[in-house]
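Participant: If you scroll down you'll find the structure; I have some questions about it.
What follows draws every value from the coordinates through simple rules; no lab data is involved. What you see is a predicted model; the values in this text were computed from it and never measured. Methodologically, a virtual Cβ is constructed for each residue, glycine included, from the backbone with ideal geometry; neighbour enumeration extends over all protein chains shown.
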Amino acid sequence: MASIPPISVAFLLFPNVTQLDLTGPAQVLSRLGNVTLDLVWKDRDPVTTDAGFAIMPTATFAQVPRADILCVPGGMGVTEVIADDEAMAWVRAVGAEANWVTSVCTGSLILGAAGLLNGYRAATHWSWRDYLAMFGAEMVPERVVIDRNRVTGGGVTAGIDFALTLMAEVRGPDFAKAVQLSLEYDPAPPFDAGSPEKAGPELVATYQRRVAQLAPDREAQFRAAAARLGFF
């Protein structure tokens, strides 16, 4: 793979991240060829995910001051990240110079709070879509959205579609197709309930009640972050 241009990828890893938001695209992008891929946090201690197990960071903020691709996953921990000056400073700094500024799921809200989606079209998890506009982004209800050098994915499993789409932009469609085949990515879900439109109002309401319990102050935290950026 030395004949293809080198590329560096930096994922923000943070407590209570939705691990599949990170590990799905990381599995795909690790096959970019001639790639350096880092999972970055404040220190090298294990970081607990929302699945209850921990992931080891490979580098600290100080060790990764730049990357060709910045990728920010989502999860219930996003509001804590947005309130964390050190983490947000790193996202802003790396995002300002990256060739590709990207996210999966609610990671787009971290990009938005960092001022990196103002004037851009973007996707996020369906139940958090209303908050993107607080940061000057245009919410698009699609699985993957490309706007210039911003590539954003919808919720959780959309991270694999996102990563293959980004790979096609970076290495070409044939390269991405070969990686898709290598991963046997040929989804055939057992239920047709993967979007609010398909799931129906009762199931949607059940999920929304659960989110309200897990993150009761999410709107207030996003509004405060948007106010700090001068959007309000």
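Participant: With +1 assigned to the C-beta of every Lys and Arg and -1 to the C-beta of every Asp and Glu, and no other charges, what is the dipole magnitude of segment 124-232 about the Cα centre in debye, to the nearest 20?
Facilitator: Working: 12 positive and 14 negative charges, 85 e Å.
Roughly 400 debye for segment 124-232.
Participant: Give me the log10 of I(q) over I(0) for segment 1-138 at q = 0.18 Å⁻¹, as the Debye formula computes it from C-alpha points; what are the numbers?
Facilitator: Results for segment 1-138 at q = 0.18 Å⁻¹ read -0.98.
Participant: Full extension from Leu229 to Ala188: what is 0.36 nm times the residue separation minus their Cα-Cα distance, to one decimal in nm? Spell out each step's value before the answer.
Facilitator: Numbers: separation 41, 0.36 × 41 = 14.76 nm, distance 4.20 nm.
Contour length minus Cα-Cα distance gives 10.6 nm.
Participant: Positive end of the charge dipole of segment 7-228 (Lys, Arg +1 and Asp, Glu -1 on Cβ, about the Cα centre): tell me which of Ala114, Pro216, Leu181 has its Cα farthest that way.
Facilitator: After comparing all options, I get Ala114.
Participant: Also, quick follow-up: Output the antiparallel fraction of DSSP beta bridges having both residues in the chain, as a percent to the nearest 5.
Facilitator: Values: 6 of 27 bridges.
Roughly 20 percent of the DSSP beta bridges within the chain come out antiparallel.
Participant: Counting only GluC sites (Glu not before Pro) that are in a DSSP loop and have at most 15 other C-beta atoms within 10 Å, tell me the longest site-free stretch of the chain.
Facilitator: After excluding every exposed loop site, the longest remaining stretch is 1-141.
Participant: Can you compute the modelled spin-label distance between Gln208 and Glu138, with each label point 7 Å from Cα toward Cβ, in nm?
Facilitator: It works out to 2.6 nm between the two label points.
Participant: Going by Cα centres, segment 54-112 and segment 134-149 are how many Å apart?
Facilitator: The two parts, judged by their Cα centres, are 17 Å apart.
Participant: Using Cβ counts within 10 Å as a stand-in for footprinting exposure, how do Met56, Met167 rank, fewest first?
Facilitator: Numbers: Met56 11, Met167 23.
Final ranking by Cβ density, sparse to dense: Met56, Met167.
Participant: Based on alpha-carbon positions alone, could you give the equivalent ellipsoid semi-axes of segment 29-70 from the gyration tensor, as √(5λ), descending, whole Å? Before the final figure, lay out each step's value.
Facilitator: Values: eigenvalues 83, 42, 11 Å².
The three semi-axes for segment 29-70 are 20, 14, 8 Å.
Participant: Compute the Rg/Rh shape ratio of the chain: radius of gyration over Kirkwood radius, all on alpha-carbon atoms.
Facilitator: 0.95
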